[in-house]
Amino acid sequence: MISQKAKYALRALVSLARIEQPGKALFISDIAEEQSIPKKFLEQILLDLKRHGIVVSKRGKSGGYLLLKPASEITYGEVLRIIDGPIAPLPCLSRIAYRRCDDCLDETACEIRQVFARVTEATRDVLDKTTIADSLASAEGLPDPALVD
């Protein structure tokens with residue numbers, strides 16, 4: 001299950017991706033209102049995303065936040081890892097925070113690990129191939145590229 005913070009991060013990125021005018025920024029208050037996100041919480045989220053090179057902030061009258069890279073290059077998996085950490089359900093399956101399970105005698109023979117390895121790969125496959133741009137396209141009724149062969 002993803003956290004509320006991760007859902008807010010994804011919703012904020014969708015708002016920023018909807019901007020049609022290149023270089024136009026959105027104020028935090030506008031994103032917060034549009035997406036029903038508490039403003040103070042959104043500030044923290046956008047700072048995290050800024051530190052990881054997903055968004056950038058502009059100062060001044062036409063200031064606010066905008067995407068630093070195209071929505072087609074920002075995956076759900078990337079955002080979830082930034083906000084929530086590892087996606088894997090078991091520490092022995094994590095790519096970014098691998099840790100052998102404390103009670104494990106042999107990872108290669110662990111039946112539980114084998115099942116969750118398949119779950120993890122399927123989850124990564126979807127999350128790492130689905131972008132913010134894809135979610136906008138599917139919201140507009142276009143086929144989701146991650147689901148089309």
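Give me the distance in nm between label points sitting 7 Å out from Cα along the Cα-to-Cβ direction at R59 and C92, one decimal.
My value for the distance between the label points is 5.2 nm.
Can you compute the modelled spin-label distance between I2 and S29, with each label point 7 Å from Cα toward Cβ, in nm?
According to this spin-label approximation, the distance is 2.8 nm.
Multiplying the sequence separation of R99 and D84 by 0.36 nm and subtracting their Cα-Cα distance, what value in nm do you get? Display every interim value, and only then the final one.
Numbers: separation 15, 0.36 × 15 = 5.40 nm, distance 1.70 nm.
Between R99 and D84, full extension yields 3.7 nm more.
With a cut-off of at most 15 other beta carbons within 10 Å, and DSSP calling the residue loop, which trypsin sites (Lys or Arg not before Pro) in segment 35-143 qualify? Please list them. Display every interim value, and only then the final one.
Details: sites: K39, K40, K50, R51, K58, R59, K61, R81, R95, R99, R100, R113, R118, R124, K129; in loops: R59, K61, R95, R99, R100, K129.
Passing sites in segment 35-143 are R59, K61, R95, R99, R100, K129.
Between A122 and R18, what is the spin-label point distance in nm, taking each point 7 Å from the Cα along the Cα→C-beta axis?
3.2
Please count, across the chain, the pairs of lysine residues with Cα atoms under 13 Å apart that sit 8 or more places apart or on different chains.
6
Would you calculate a helix-derived [θ] at 222 nm for the chain, using -39,500 (n - 2.57) for each DSSP H run of n ≥ 4 and dividing by the full residue count, to the nearest 500? Walk me through the numbers on the way to the answer.
Numbers: 6 runs with 69 residues, N = 149.
Roughly -14000 deg cm²/dmol at 222 nm, from the helical runs in the chain.
Only the coordinates and a few stated rules stand behind these numbers; no lab work does. All values reported here derive from a predicted model rather than from experimental measurement. Ideal geometry is used to build each Cβ from the backbone, glycine not excepted, and the neighbour counts take in all protein chains shown.
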